[in-house]
Amino acid sequence: MCGRPPVRVEWRRAEAASLPLPDGAFDVVCCQQGLQFFADRLLALREARRVLAPGGRVALAVWRAIHHNPVYAAFAQVLQRHAGAETAALMEAPFAGGELLSAQAASSPLGAPLAALDGEVRDALARDLDQTLEEWADDDGVVFPLQTWLASARR
């Protein structure tokens, strides 16, 4: 441990657009793959700046456009075929970024529309997605490139 005292981490849940934190309280603000999901991105960025101390750094990661992320583009096309344009748009929105279907259903806005599908439609969607993503499948599962923008700034 190099003689350093342990770092105390405190987790808090809050709306990104209204952080219950004091001005200038942090030396670093990091947002990894969250900004694209916020309803008011500009307000969230203003809040990040507000809680950042003078001289502090902000780091952001957001997905590049969907055409730079071919698996998600293919996923959106499969959703379009089986669940409709509105559900496909939910997949495309963060890029304005089997196992993959389960992960998206559990951790994204796709959860409710996919849960509302008839079981046979969901099964057909999963089979179609498996076939569509076959070129990215290997012994480890689905492995694919994902392009992200990284940005950092100092206040």
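The values are calculated or read from the model by the stated rules, or taken from the named source; none is laboratory data. Note that this is a predicted model, so its numbers are computed, not measured. For neighbour counting, all protein chains shown are included, and Cβ atoms are generated from backbone atoms with ideal geometry for every residue, glycine included.
Can you pull out the residues in segment 138-155 that are within 11 Å of Val71 (Cα to Cα) and in a strand (DSSP E or B)?
Selection gives Val142 alone.
Filter segment 110-127 for residues that are under 23 Å from the mean Cα position of the chain (by Cα), assigned to a helix (DSSP H, G or I) and under 15 Å from Gly84 (Cβ atoms) and give the result.
Ala112, Pro113, Leu114, Ala115, Arg122, Leu125
May I ask you to list the residues in segment 18-73 that are charged (D, E, K, R) and more than 22 Å from Ser108 (Cβ to Cβ)?
Let us first name the residues in segment 18-73 that are charged (D, E, K, R), namely 23, 27, 40-41, 46-47, 49-50, 57, 64.
Passing the criteria: Asp23, Asp27, Arg46, Glu47, Arg49, Arg50, Arg57.
Could you list, in sequence order, all residues of segment 1-26 that are closer than 27 Å to Arg64 by Cα and loosely packed, with under 15 Cβ neighbours inside 10 Å?
Passing the criteria: Arg13, Ala14, Glu15, Ser18.
Considering segment 13-39 alone, what residues qualify as being over 20 Å from the mean Cα position of the chain (by Cα) and small (Gly, Ala, Ser)?
Passing the criteria: Gly24, Ala25.
If you check Leu110, Leu129, which single one turns out to be at pLDDT 85 or above, crowded, with 16+ Cβ neighbours inside 10 Å and either not assigned by TED's automatic domain parsing to the domain that holds Gly34 or not hydroxyl-bearing (Ser, Thr, Tyr) (or both)?
Matching residue, one of Leu110, Leu129: Leu129.
When you look at Ala115, is it under 23 Å from Phe37 (Cα atoms) and either modelled with pLDDT of 80 or more or not assigned by TED's automatic domain parsing to the domain that holds Val78 (or both), yes or no?
In short, yes.
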